[in-house]
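Engineer: The structure follows.
Every read-out reported here was derived from the displayed coordinates using simple, explicitly stated rules and does not represent laboratory data. All values reported here derive from a predicted model rather than from experimental measurement. Here the Cβ positions follow ideal geometry from the backbone for every residue, glycine too, while neighbour counts run over all protein chains shown.
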Amino acid sequence: MALPSSPTREFIAGLPKAELHLHLEGTLEPDLKLTLAQRNGIEIPQSTVEEVEASYQFDSLASFLAVYYPAMDVLVTEQDFYDLAHAYLLRAAADGVRHVEMFFDPQAHTVRGVPFADVVGGYHRAAAEAADFGVDAELILCFLRDHSAESAAATLEASAPFKDLILGVGLDSDERDNPPAKFAAVFARARELGYLLTMHCDIDQVGSIENIRQVIEDIGVDRIDHGTNIVENPELVELVRARGLGLTCCPVSNSFVTSDMKSTEIVELLRAGVKVTINSDDPAYFGGYVAANYMALAEHAGLSSAEVVTLAKNSFEASWITDEDKAAYLEEIDAYVADFV
Ligand SMILES: [Zn+2]
């Protein structure tokens, strides 16, 4: 046993981990944005990496989304989606990610006339090739909750021919006035089609507690994205703990869209036995991939190395892989810790 007394960046980066809350469109780094704009002949207001970085400024979910969606216009061809996912997967591998379940937002592209097949095709091609450098990658289709339920339903049906390439469905974008119940029928149909289910329950929303109750009791999700507001409600904490539902927390992202990274809440839930996991959300915009998120939380909350190991183990336990694969990854973690010098 060679656990360092406090978790170092090196220990965290090498620790085998799963990433469960990652938006592929949120991995659009400034240099790739410029490359794709040029390749596709798309005029964007910025012409240097510095100018793109300067445009990535926000202090709330709404102000972030106002920058986020227009940036996606540079994604047009199957190759563009491949390049975006491939670049992320290389970074994830360097951060010790062994398994990733990646969100993508088809509606943000199909509304611009991009064929669904090109979006999923490019992303899947990159995911399949990631096995070559040790990353097992899967896709989760997210519906945009500020679009209509009918649009989500149409997107779900469009996904059916690609069902084998998609592990589950999620719900993202602006939660305000777009509660989970709006999509109850779409998610029931997704369950029928054989998809696993998750939904965003963003931080400090109007009606956060009621929305989290809906996702658990009415929708019957298999995981919750963010969801740390349960800390305000002991009954919900107990429900989430008892059901073994994973929470996909994103500390660095929290610090951009709210006043802090919510480390107190995240650590309280972790210590209460909730399956808390740490993830990067939209790392190109928030400036931190998954290892940086572990490090930020560990430093800010004074986590022990053993707690960091628990977070990594939780990431596999909350993932949508087989029990056999989970056991193999947990063994990998134990071996890594035992051999760490
Ligand atoms: Zn998210």
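Engineer: Which ³J(HN,Hα) values, rounded to whole Hz and listed in residue order, are derived for the stretch 37-50 from phi using the Karplus coefficients 6.51, -1.76 and 1.60 in 6.51 cos²θ - 1.76 cosθ + 1.60 with θ = phi - 60°, glycine and proline given as x?
Structural biologist: Taking θ as phi minus 60°, the curve returns 4, 5, 4, 9, x, 9, 6, 10, x, 10, 10, 10, 4, 4 Hz for the stretch 37-50.
Engineer: Now, a different point. Work out the FRET efficiency for residue 331 and residue 268 from their Cβ-Cβ distance, taking R0 = 45 Å, and round it to the nearest 0.05.
Structural biologist: 0.95
Engineer: Let me ask something additional. Which ³J(HN,Hα) values in Hz, rounded to whole numbers, follow from the phi angles of the stretch 237-245 under the Karplus curve 6.51 cos²θ - 1.76 cosθ + 1.60, where θ = phi - 60° and Gly and Pro get x?
Structural biologist: Each residue of the stretch 237-245 in turn: 4, 5, 4, 5, 5, 5, 7, x, 6 Hz.
Engineer: A follow-up question, please. Would you mind giving the three semi-axes, in whole Å and largest first, of the ellipsoid equivalent to the stretch 169-280 according to its Cα gyration tensor?
Structural biologist: After diagonalising the Cα gyration tensor, the semi-axes are 22, 16, 13 Å.
Engineer: Once amide H atoms are placed 1.01 Å from N in the peptide plane, what residues at a sequence separation of 5 or more from residue 138, or on another chain, have their amide H within under 5 Å of its amide H?
Structural biologist: It is 100, 101, 102, by chain and number.
Engineer: Specify whether the C-alpha gyration tensor of the stretch 193-341 places it in the rounded, prolate or oblate class, a ≥ b ≥ c being the square roots of the eigenvalues: rounded for a/c under 1.5, otherwise prolate if a/b is larger than b/c and oblate if not.
Structural biologist: Oblate, because a/c is 1.5 or more while a/b does not exceed b/c.
Engineer: Then there is this: Among 29, 307, 51, whose mean-square fluctuation peaks in a Gaussian network model of the chain (Cα, cutoff 10 Å)?
Structural biologist: Taking springs between Cα atoms under 10 Å, the residue moving most is 51.
Engineer: Among rounded, prolate and oblate, which fits the stretch 1-102 when a ≥ b ≥ c are the square roots of the eigenvalues of its C-alpha gyration tensor, a/c under 1.5 means rounded, and a/b larger than b/c means prolate?
Structural biologist: prolate
Engineer: Enter the mean projected area of the convex hull around the alpha-carbon atoms of the stretch 105-150, in nm², rounded to one decimal.
Structural biologist: 3.7 nm²
Engineer: Mind listing the long-range amide H neighbours of residue 340? Cut-off is under 5 Å, sequence gap 5 or more, other chains count too, H placed in the peptide plane at 1.01 Å from N.
Structural biologist: 2
Engineer: Once Rh is set to the Kirkwood radius over Cα pairs, what Stokes-Einstein translational diffusion coefficient, in µm²/s, holds for the stretch 160-203 at a temperature of 25 °C and a viscosity of 0.890 mPa s?
Structural biologist: D = 217 µm²/s.
Engineer: Taking the alpha carbon gyration tensor of the chain, what are the square roots of 5 times its eigenvalues, largest first, to the nearest whole Å?
Structural biologist: Sorted largest first and rounded, they come to 28, 24, 20 Å.
Engineer: Related question: Would you pull out the residues with amide H under 5 Å of residue 21's amide H, same chain only if 5 or more places away, H placed 1.01 Å from N?
Structural biologist: Result for residue 21 returns 280, 281.
Engineer: Please identify, among 264, 322, 77, the residue showing maximal mean-square fluctuation in a Gaussian network model of the chain using a 10 angstrom Cα cutoff.
Structural biologist: 322
Engineer: Take the stretch 51-189, compute every pairwise Cα distance, and split them into 5 Å bins from 0; I just need the percent in each bin.
Structural biologist: 2, 9, 18, 20, 20, 17, 11, 3, 0
Engineer: Another question, if that's okay. Which of 83, 204, 136 moves the most in a Gaussian network model of the chain with Cα springs under 10 Å?
Structural biologist: 204
Engineer: Something else: Quick one: grab the alpha carbon gyration tensor of the stretch 261-338, order the square roots of its eigenvalues as a ≥ b ≥ c, and give me rounded if a/c is under 1.5, else prolate or oblate depending on whether a/b is larger than b/c.
Structural biologist: Because a/c hits 1.5 or more and a/b exceeds b/c, the stretch 261-338 counts as prolate.
Engineer: Moving on to the next point. Let me have the relative contact order for the stretch 60-134, percent, based on Cα pairs under 8 Å that are six or more residues apart.
Structural biologist: For the stretch 60-134, the relative contact order is 47 percent.
Engineer: To continue, here is another question. Residue by residue through the stretch 198-210, which ³J(HN,Hα) values in whole Hz follow from phi under the Karplus form 6.51 cos²θ - 1.76 cosθ + 1.60 (θ = phi - 60°), with glycine and proline marked x?
Structural biologist: 9, 8, 6, 10, 5, 6, 6, 8, 5, x, 3, 5, 5
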